[in-house]
Amino acid sequence: MYRIALQMLMGDRGKYFGIVMGLTFASLIMTQQPAIFLGLMARSYSFISDLPLPDVWVMDEKVQFVDDIKPLQDTELYRVRGVAGVDWAMPLYKGLLKARLANGMFQTCIVVGLDDATLTGGPALMLEGRLEDLRRSDGVIVDTDGAREKLAKPPATPGGKPVPLKVGDTLELNDHRAVVVGIAKVTRTFQSQPVVYTTYSRATRFAPRERKLLSFVLVKAQPGVAPQELTRRIRQATGLAAYTREQFQKITIDYFLKNTGIPINFGISVTLGFIVGAAIAGQTFYNFTQENLRHFGVLKAMGASNGTLLKMILLQAAVVGSIGYGLGVGLTSVFGYAMRHSILAFKFPWQLLLFSGAGITLICMFAALLSIVKVIRLEPAIVFKS
Amino acid sequence: MQEPAVLCRAVAKTYDTGETQVPALRGVDLEVHPGELLMLVGPSGCGKTTLISIIAGILDQDAGSCRVFGRDFLHMNTREKLEYRARNIGFVFQAFNLLPPLTALENVAVPLIINGAARRTALGRAQEILERVGLGERSRSLPAQLSGGQQQRVAIARALVHNPRLVVCDEPTSSLDHETGHKVMELMREIAMAHDRSLVIVTHDPRIFAFADRIARMDDGHIDSVTTNGVP
Ligand SMILES: Nc1ncnc2c1ncn2[C@@H]1O[C@H](COP(=O)(O)OP(=O)(O)O)[C@@H](O)[C@H]1O
Ligand SMILES: [Mg+2]
């Protein structure tokens, strides 16, 4: 009977494709949109996740997320270093400074200042030059996306391609001369601004003169000291906010979730995808059953039980569901792969497969249920009606 | 005397359409003997289809009893009814009602598959019976590739494949031209009548009356007369 169910399903090509297309569409939207959403959300904290070394981030109490800089006095660094259980503590400057481009335009950059002695917190992946080159005078390291896009020099010939910034080029940061000594690979941030690394002292020299300039203190716990415990001690000793890396990421993401319309927008997309997919697939599947009602009636008259017919319909729904789901998820993967070098955010963890899988299952159950009710209520006596 | 294949006593059925009550059967008495071909004839709307639906166990009567091989569907639960139908009843319809995406062979095998036969066995048996209705060569064809007469022969093969004791046919020749209808009826008599099998055929086509053993004439929910063929 299962084979007959499949033959019935594939027998009507038009409807079969209609149902599968509806489900493919739904699963594409329900996978791809959340993938972009998760990608964007991951970007919100990429500055934190890009720095694997420190266990604890120390900052002003009022900081709400990673881009919300409320500078500390330099002396706070020494107070943190004095807390028991701290292996090392390094200063980090993070600020937005204007870079003047060769064409006279300004571009806001994220400038990161690293501890002069240890260069702790530098980019993990250097494409050109070495991190130590920052010790050369006026040295800065620029992220490759920034170097190729927003900081690129005007084309050599009019209408040509912009020339990427490369090692040896100079740029002006807040009216201070800086020399590119390296190119690094950095995870894109939320606003996709170019990232410029330099030493702490140079960064604070570039920055507008202010009383407080220290953005974060990066802390490594001594072996055997739990980061969680260390945050408690630092808070107690200094009155500053201290978070483990995971906590700080979560605070940042929560801020974006709460204070931007992003989750709502994506939520609407996903819901629409679900509804439209459910409508197309449910409607077509129902039509398909409706058109086959006479045949179900014949099977019933010949002695097929409701249970058998129910299983046939469930199988039909499961088959179109699996195919639509596979195609949708496949298309999403292809999309993500094709966009891997683009500015587009995309993150596809396995949990997302469960999410869209559950969505498609729901649609199929809904579609099958409508049809099943119809078939179970069906009087076999209709077979003699012409 | 042998037990009748079908024994209806005072069978009544009224359709309730919500607004109106349509009495379709008003106390029908009928016997069908084992091994006979009984034709049920009468004007349109007189209740023929309703009666064979009750006899075939796909519709419940409101009153009276209808025993098929000694058992009344009213006294069976749903599962027993299904099994009883699956084993004992064959169906032939005016509109053929073959499953379009299945080949002739697969269509014929359906009753056996419903009865739980393995696909291989079912297809083997289906091929035999298709050959007996003269369509052994067309077993791979889809219904749409066959003529009306051929489709009805496939439907007859399907009605007989599981060796039911009773075959009910509603207007089996009405969708066919006279000559084809005649051939179909010849085939019915020839292969359907074996093994004490009974046939109840609803028709209003007087040209095939000659194939009947007995003819029951219906009007307005009653059986007016039953005549043995050739004997007025
Ligand atoms: N499902 C139904 N609902 C309401 N009335 C019906 C239904 N089926 C048949 N009838 C009515 O019952 C009467 C007998 O119908 P039917 O048994 O189909 O007659 P026949 O087959 O002799 O033409 C007719 O008046 C018909 O309109
Ligand atoms: Mg009728």
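Computed on chain A, with alpha-carbon pairs under 8 angstrom and 6+ residues apart, the relative contact order is 31 percent. Using only alpha-carbon positions in segment B:1-117, the gyration tensor eigenvalues give semi-axes of 26, 19, 15 Å once each is multiplied by 5 and square-rooted (largest first). Remark: spin-label model distance residue B:121-residue A:333 equals 4.3 nm, labels positioned 7 Å along the Cα→Cβ axis.
Given a Förster distance of 45 angstrom, what is the FRET efficiency for residue A:340 paired with residue A:205, based on the Cβ-Cβ distance and rounded to 0.05?
On the way: r = 38 Å, r/R0 = 0.84.
Result of the calculation: an efficiency of 0.75.
From the Cα gyration tensor of segment B:40-172, with a ≥ b ≥ c the square roots of its eigenvalues, which class applies: rounded if a/c is under 1.5, or else prolate if a/b is larger than b/c, or else oblate? Numbers along the way, then the final one.
Values: a/c = 2.61, a/b = 1.49, b/c = 1.75.
It comes out oblate by the Cα gyration axes.
Quick test of the membrane-span-like rule: which DSSP H helices of chain A reach at least 27 Å along their long axis (C-alpha atoms) with mean Kyte hydropathy at least 1.6? Write down the numbers at each step before the final one.
Values: long enough: A:13-44 (46 Å, 0.78); A:262-291 (43 Å, 0.88); A:306-338 (47 Å, 1.19); A:350-377 (40 Å, 1.74).
Helices meeting the criterion: A:350-377.
Under 5 Å from the amide H of residue B:222 lie the amide H atoms of B:26, each residue being 5 or more positions distant or on a separate chain, with H modelled from the backbone and absent for Pro and chain starts. Working note: 222 nm ellipticity from helices only, DSSP H runs with n ≥ 4, each -39,500 (n - 2.57), summed and divided by the residues of chain B, gives -9000 deg cm²/dmol to the nearest 500. Legend: ranking of residues B:8, B:169 from fewest to most surrounding C-beta atoms inside 10 Å; resulting order B:8, B:169. Taking every alpha carbon pair in segment A:73-239, what does the distance histogram look like in 10 angstrom bins from 0, in percent? Whole-percent P(r) values from 0 Å outward: 10, 36, 30, 17, 6, 2, 0. Considering segment A:1-140 at the alpha-carbon level, its Rg and Dmax are found to be 26.2, 80 Å.
Between residue B:17 and residue A:365, the FRET efficiency from the beta-carbon distance, with R0 = 30 Å, is close to 0.35. Averaged over the residues of A:290-302, the number of partner chain Cβ atoms lying within 10 Å of the residue Cβ comes to 5.
Counting partner chain Cβ atoms within 10 Å of every residue's Cβ in B:40-52, what's the average?
Numbers: counts 0, 0, 0, 0, 0, 0, 0, 0, 1, 4, 2, 0, 2.
Per residue, the average neighbour count from other chains is 1.
Ordering A:142, A:179 by the number of other Cβ atoms within 10 Å of each residue's own Cβ, fewest first, gives A:179, A:142. The long axis of helix B:178-187 is offset from the longest Cα principal axis of chain B by roughly 90 degrees. Measuring r between the beta carbons of residue B:9 and residue B:177 and using R0 = 45 Å, the FRET efficiency lands at 0.70.
From helices alone, chain A scores -16500 deg cm²/dmol at 222 nm; the rule is -39500 (n - 2.57) for each run of n ≥ 4 DSSP H residues, then divide by the residue total.
What per residue convex hull volume, in Å³, comes out for segment B:6-228 when only alpha-carbon positions are used?
Values: hull volume 28.4 nm³, N = 223.
Here the figure is 127 Å³ per residue.
A crude spin-label estimate for the pair residue A:117 and residue B:144, with each label 7 Å from Cα along the Cβ direction, gives 8.4 nm. Of all DSSP bridge pairs formed entirely within the protein assembly as shown, close to 65 percent run antiparallel. To the nearest 10 degrees, how steep is helix B:119-132 against the longest Cα principal axis of chain B, on a 0 to 90 scale? Once rounded, the angle reads 80 degrees. The longest stretch of chain A left intact once loop-based GluC sites (Glu not before Pro) with at most 11 other Cβ atoms within 10 Å are removed from consideration, loops following DSSP, is A:211-386. Rg and Dmax over the alpha-carbon atoms of chain A stand at 29.5, 95 Å.
Counting, for every residue in B:92-99, the Cβ atoms of other protein chains within 10 Å of its Cβ and taking the mean gives 5. Taking only Cα atoms, what is the 0 to 90° angle, nearest 10, from helix B:104-114's long axis to the longest principal axis of chain B? The angle comes out near 60 degrees.
Listing B:188, A:1 from the residue with the fewest other Cβ atoms within 10 Å to the one with the most, what is the order?
Details: B:188 26, A:1 18.
With the fewest neighbours first, B:188, A:1 line up as A:1, B:188.
Could you order the peptides A:237-243, A:339-345 from most to least packed, using the average number of other C-beta atoms within 10 Å per residue? Walk me through the numbers on the way to the answer.
On the way: A:237-243: 18.0, A:339-345: 12.1.
Per-residue Cβ counts within 10 Å, averaged per peptide and sorted highest first, yield A:237-243, A:339-345.
Provide the percentage of antiparallel DSSP beta bridges, counting only those with both residues in segment B:6-228; round to the nearest 5. Can you show the working numbers first?
Details: 22 of 40 bridges.
Just about 55 percent of them are antiparallel.
Laboratory data are not the source of any read-out in this text; all were calculated from the coordinates shown. Just so it is clear, the structure is predicted and the values come from calculations on it, not from any experiment. Backbone-built Cβ (ideal geometry, glycine too); neighbour counts: all protein chains shown.
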